[in-house]
Amino acid sequence: MNAFSTKFRRFKYKLRHEYLTIENVILVLAIILCLNWTYRSIEAMSRNWELSERLNAAEKNLQLRKIEIETEELENAYYATDEYQELAARKFAGKQLEGENMVYMPENSENAKNKHATEVASVSEEKKEYSNFEQWMMYLWP
């Protein structure tokens with residue numbers, strides 16, 4: 001018990017006179033304050049960045065809404081024009097101007113539908129194959 005008591009008193013003395021000096025306490029407090037300040041600064045920067053992103057998103061959304069409103073206003077102005085009224089009457093009501101005749105065309109035949117497809121295929125078949133060297137020469141000196 002005496003050895004334990006002696007070790008405890010030595011530890012207490014060492015703690016009080018070597019570790020808990022005013023300089024060491026001030027140093028530990030300064031480190032704690034610096035760490036706290038650093039953490040708060042990083043937290044503030046993070047919050048500011050997040051708020052900036054939200055503000056940018058809101059501004060983009062506002063600009064998008066303004067463009068949509070302008071588009072709707074232009075569409076409404078177009079729908080009020082005589083040109084649109086005439087086109088809508090022709091399309092939906094079958095109206096026509098005096099002297100105009102309606103001509104109904106028959107559906108395209110299979111030959112007419114496939115005519116351009118065969119022309120495109122024949123043009124691609126006529127394409128000449130070039131060797132690798134010839135392709136490089138055409139690339140470098142067109």
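The values are calculated or read from the model by the stated rules, or taken from the named source; none is laboratory data. The shown structure was predicted, so the numbers you read here are calculated from the model rather than taken from an experiment. A quick note on method: Cβ atoms are made from the backbone with ideal geometry, for glycine too, and the neighbour counts reach across all protein chains shown. Accessible surface is based on the protein model in full, side chains and every heavy atom, while ligands, DNA and RNA are left aside. Shrake-Rupley method; radii C 1.70, N 1.55, O 1.52, S 1.80 Å.
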Using a probe radius of 1.4 Å on heavy atoms only, what accessible surface per residue do you get for the stretch 10-141? Whole Å² is fine.
100 Å²
Rounded to two decimals, what is Rg over Rh for the stretch 44-98 when you use alpha-carbon atoms and the Kirkwood radius?
1.49
Within the accessible area of the chain (1.4 Å probe), percent carbon and sulfur:
60 percent
One checks the Cα atoms of the chain and finds Rg and Dmax, in Å, of 42.9, 128
What full-extension length gain, to one decimal in nm, is calculated for Y139 and L15 as 0.36 nm per residue of separation minus the Cα-Cα distance?
36.4 nm
Pop a pseudo-label 7 angstrom from the Cα along the beta-carbon direction at both S5 and L55 and give the gap in nm to one decimal.
7.0 nm
Using a Förster distance of 35 Å, the FRET efficiency for E72-H116 (Cβ separation, nearest 0.05)
0.35
